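**Student:** Submitted below is the structure of interest, expressed as structure tokens.
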Amino acid sequence: MVLGESDFRHHMESHLKPFRDVLSGVFFVTIGLQLDGAQILSAPLTVLAWLAVLVPVKIVLNTLALRATRLSALDAWRTGIALGHGGEFALLLLGMVLQQHLIPATVVQPMLVALVLSMALAPLLIRHHDVLARFLSRTGGVIQPPQAEEVEIAAQTARYRDHVIVCGAGELGLSVSEILRHAGVAHLLLEADAQKVEAARAAGASVFHGDASRPDTLLAAGLTHAHMVVLTFAHAQQALRIAQAIAERRPALTLWVSCRITTAADAFRAMPNVRVYQQSFAAAIGLAEQVMSTLGMSTELIEGHISAMRRRLDSSRFPGSSSS
């Protein structure tokens, strides 16, 4: 624990990772050997009953615990649904109960199978947790209070008009923010990771701590008065969810999205008023420009080649879009 808080933690993680993976494999293999998959055919109703009890009860308990910490109803349901599946600790407990014959196998085996099936449902719960959370949080008729960071953002950006909202304080987002600041462009930077916020503020950047995937956070940042939104997230699914939320509230607002994957870029281009900045092409153009400059080519000739490449990318591979 002492070393884990030191500068050597990264070296420890790299050295311990193979042992962690081996032990995880041994654990799941051990549990798998005790699992009787035939219970799905011999006692399907019992398995489904345990599954129908486990997932909803765990979701409700998670949500109630999070609500007790004064988290908003929507976020509490989101987290509760994402964590609604069974976990490794429950597998360990049931495996020990089965091994020690504390409860008859006819009772434990359906529970164990239901637990494994709930873990198989985890990707679906996580994928659709936002839609389910919105539905469940609205059925209760609970007015969701704004989070503390949203109140702070709204108070500090109340006078912002025609500004740019930059979402994500990673390396790319910080660079964009610094350039806009030097250019005198009114903007604000949103970041959900507290460590990144602290690091960005230490570097002199003006960063607001807020989750851009929450529509209320974007509204607190002045979405209704913003001139443009820039998404610099590495995860395309998160950026796509935010883009859809913005399109619902301000369909005419210009949205720039930084994207690395071509398939994700195609999904963004299908949305109105969304312009894609594909990092791989931008890096290739920038590198080619440096190479040509090193070879002694004139500035005019380099700009001509770069402009021609941008036009070819826009017209051939990505019709109807703006790429850099």
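The values are calculated or read from the model by the stated rules, or taken from the named source; none is laboratory data. Predicted model, so just to flag it, every value in this text is computed and none were measured. No Cβ is skipped: glycine too gets one built from the backbone with ideal geometry, and neighbour counts run over all protein chains shown.
**Student:** Return the residues of the stretch 82-92 that are in a helix (DSSP H, G or I) and either surrounded by 19 or more Cβ atoms within 10 Å (Cβ to Cβ) or touching a residue at least 40 places away in the same chain (Cβ under 8 Å) (or both); say none if nothing qualifies.
**Tutor:** Matches in the stretch 82-92: A82, E88, L91, L92.
**Student:** Scan the stretch 93-110 and report the pairs whose first residue is touching a residue at least 24 places away in the same chain (Cβ under 8 Å) and whose second residue is part of a loop (DSSP other than H, G, I, E, B), with Cβ atoms within less than 7 Å and a gap of 6+ or a chain change.
**Tutor:** Correct list of pairs: Q109/D36; P110/A43.
**Student:** Regarding the stretch 192-201, can at least one residue be identified that is of a type in the set (A, V, I, L, M, F, W, C), modelled with pLDDT of 85 or more, closer than 25 Å to D266 by Cα and surrounded by fewer than 22 Cβ atoms within 10 Å (Cβ to Cβ)?
**Tutor:** There is no residue in the stretch 192-201 that is of a type in the set (A, V, I, L, M, F, W, C), modelled with pLDDT of 85 or more, closer than 25 Å to D266 by Cα and surrounded by fewer than 22 Cβ atoms within 10 Å (Cβ to Cβ).
**Student:** Right, something else. Quick test for you: out of E289, E300, pick the one residue that is modelled with pLDDT of 85 or more and either surrounded by fewer than 14 Cβ atoms within 10 Å (Cβ to Cβ) or within 25 Å of the chain's Cα centre (by Cα) (or both).
**Tutor:** E300
**Student:** Right, another one. For R67, are the conditions met, namely being in contact (Cβ under 8 Å) with a residue 40 or more places away in the chain, within 30 Å of Q244 (Cβ to Cβ) and charged (D, E, K, R)? Lay out the reasoning, then the answer.
**Tutor:** Details: in contact (Cβ under 8 Å) with a residue 40 or more places away in the chain: no; within 30 Å of Q244 (Cβ to Cβ): yes; charged (D, E, K, R): yes.
So R67 fails the test.
**Student:** Is it true that some residue in the stretch 244-254 is within 19 Å of the chain's Cα centre (by Cα), at pLDDT 85 or above and buried (at least 17 other Cβ atoms within 10 Å of the Cβ)?
**Tutor:** Within the stretch 244-254 (the criterion being within 19 Å of the chain's Cα centre (by Cα), at pLDDT 85 or above and buried (at least 17 other Cβ atoms within 10 Å of the Cβ)), the answer is yes, since at least one residue qualifies.
**Student:** L124 passes all but one of (1) at pLDDT 80 or above; (2) of a type outside the set (D, E, K, R); (3) surrounded by 16 or more Cβ atoms within 10 Å (Cβ to Cβ); (4) part of a helix (DSSP H, G or I); which number fails?
**Tutor:** (3)
**Student:** Additional query: Just to be sure I understand the filter: pairs with C-beta atoms under 8 Å, separated by 6 or more residues or on different chains, first member in the stretch 177-195 and under 10 Å from S206 (Cβ atoms) and touching a residue at least 12 places away in the same chain (Cβ under 8 Å), second member assigned to a helix (DSSP H, G or I) and of a type in the set (D, E, K, R). Which pairs pass?
**Tutor:** So the pair list comes out as H187/R181.
**Student:** In the stretch 228-241, how many are modelled with pLDDT of 85 or more and closer than 13 Å to S213 by Cβ?
**Tutor:** Going through the stretch 228-241 one residue at a time, the tally reaches 2.
**Student:** In the stretch 156-178, which residues are modelled with pLDDT of 85 or more and hydrophobic (A, V, I, L, M, F, W, C)?
**Tutor:** Residues satisfying the conditions are V164, I165, V166, C167, A169, L172, L174, V176.
**Student:** Looking only at the stretch 237-250, decide whether some residue is outside any helix (DSSP H, G or I) and not charged (D, E, K, R).
**Tutor:** No, the conditions are met nowhere in the stretch 237-250.
**Student:** Still on this structure, please answer the following. State the number of residues belonging to the stretch 159-174 that are in contact (Cβ under 8 Å) with a residue 40 or more places away in the chain and either over 17 Å from A239 (Cα atoms) or part of a helix (DSSP H, G or I) (or both).
**Tutor:** Total satisfying the criteria: 6.
**Student:** May I ask you to list the residues in the stretch 256-308 that are in contact (Cβ under 8 Å) with a residue 24 or more places away in the chain, more than 18 Å from E171 (Cα to Cα), assigned to a helix (DSSP H, G or I) and of a type outside the set (A, V, I, L, M)?
**Tutor:** Within the stretch 256-308, F268, R269 meet the criteria.
**Student:** Of everything in the stretch 66-92 that's under 29 Å from S24 (Cα atoms) and of a type in the set (G, A, S), which residue is nearest to the chain's Cα centre (by Cα)?
**Tutor:** Across the stretch 66-92, the extreme among qualifying residues is A82.
**Student:** Does L66 qualify as being at pLDDT 80 or above, aliphatic (A, V, I, L, M), surrounded by 14 or more Cβ atoms within 10 Å (Cβ to Cβ) and not in a loop (DSSP other than H, G, I, E, B)?
**Tutor:** yes
**Student:** Only residues that are modelled with pLDDT of 80 or more, touching a helix residue (DSSP H, G or I) at 6+ places or on another chain (Cβ under 7 Å) and under 30 Å from L189 (Cα atoms): list them for the stretch 127-153, please.
**Tutor:** Correct list: H129, L132, A133, I153.
**Student:** Test T79 against the criterion of being in a helix (DSSP H, G or I), without any contact (Cβ under 8 Å) to a residue 60 or more places away in the chain and not hydrophobic (A, V, I, L, M, F, W, C), and give yes or no.
**Tutor:** So T79 fits the description; yes.
**Student:** Could you go through the stretch 45-59 and let me know if any residue there is under 23 Å from the mean Cα position of the chain (by Cα), farther than 30 Å from A105 by Cβ and assigned to a helix (DSSP H, G or I).
**Tutor:** no
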